[in-house]
Amino acid sequence: MRHRARLYLITPPAFELEVFSHDLDDALSAGDVACVQLRLKDLPDAEILRIGAALKPIVQAAGAAFIVNDRPDLASRLDADGVHVGQNDAGYAEARRLMGRDRIVGVTCHNSRDLAYMAAEAGADYVAFGAFYPTSTKAASHWADPEILAIWQETMETPCVAIGGVTIENAEPLVRAGADFLAVSAGVWSHPAGPRAAVEAFDVLFDRLVK
């Protein structure tokens, strides 16, 4: 039997906290979500901490892991479940030092198996490949082919995340290739039928592709 992929939600780049808190709670109640990454750029640390403190209990109450993007120092202060670091952020070693052995540290590896092997061998809990599709959330500087997911699954046990422009319409090839998690932002929050319907649709897709 194939493994079942899971949804890795990423917050929108900007939002009104009270409204988004409700949308997040509703989306998380609609199906299986592995984790939620708080991804906020260009905000003061105090604001990120304020928003993180408000969202973390919503995420954890739904049984999902609360992940902070880029900033292991803020993730540690928030007592988050984990942190995701890019190649230009704090390195894996620094992130692990701040988070400890029992928290999640994931690493962006773009389209490079070499970067992914290095991260996995160092102890990363997951590696993220992408971008696979164009996205309005972040300007992509690297493009990945689904083949990298298939090769990774054949050679490594560390879970892999597919990121970049993922929607319910284009997700199937990534799941079939072997993505353990699909990282989705606009594909959920900007879904025409709403975030709840998007999460439900991903759940149906993941269940179908296990069979």
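Would you work out the relative contact order for the chain, in percent, from Cα pairs under 8 angstrom that are 6 or more residues apart? Rounded, it is 22 percent for the chain. Placing a label point 7 Å from the Cα of A61 along the Cα-to-Cβ direction, the residues of region 74-93 with a backbone N closer than 20 Å are 78-82.
As a rough footprinting exposure proxy, the listed residues H84, H3 were ranked by other beta carbons within 10 Å of their own, and the order from fewest upward is H3, H84. The alpha carbon centroids of region 10-39 and region 181-202 are separated by 10 Å. Each Lys and Arg contributes +1 and each Asp and Glu -1, all at the Cβ; summed about the Cα centre of region 56-151, the dipole is approximately 260 debye. Annotation: amide H-H contacts under 5 Å for V68 (H modelled 1.01 Å from N, sequence separation of 5 or more, or interchain): L38, G82, V83, H84.
Would you kindly state how much longer the chain becomes between S190 and D26 on full extension, computed as 0.36 nm times their sequence separation minus their alpha carbon distance, in nm to one decimal? Could the numbers behind the result be given before it?
Numbers: separation 164, 0.36 × 164 = 59.04 nm, distance 1.42 nm.
So the extension gain works out to 57.6 nm.
Taking each residue as 0.36 nm, the span from Y117 to H3 lengthens on full extension beyond its C-alpha to C-alpha distance by 38.9 nm. Working note: Karplus 6.51/-1.76/1.60 with θ = phi - 60° gives region 142-151 the couplings 9, 10, 10, 9, x, 4, 5, 5, 5, 4 Hz, where Gly and Pro are set to x.
Which value at 222 nm does the chain reach when only helices count, each DSSP H run of 4 or more adding -39,500 (n - 2.57), with the total divided by all residues and rounded to the nearest 500 deg cm²/dmol? The partial results should precede the final answer.
Values: 9 runs with 88 residues, N = 211.
Calculated from helices alone, the mean residue ellipticity at 222 nm is -12000 deg cm²/dmol.
GNM remark for the chain: springs join alpha carbons under 10 Å apart, and the peak mean-square fluctuation among A64, A46, A131 falls on A46. For region 6-210, the calculated P(r) over all alpha carbon pairs, in 10 Å bins from 0 to the bin holding the longest distance, is 9, 37, 39, 14, 0 percent.
Values in this text are rule-based calculations from the coordinates and carry no lab data. Everything numeric here is computed off the predicted structure, so don't read it as measured data. All Cβ positions, glycine included, derive from the backbone under ideal geometry; neighbour counts span all protein chains shown.
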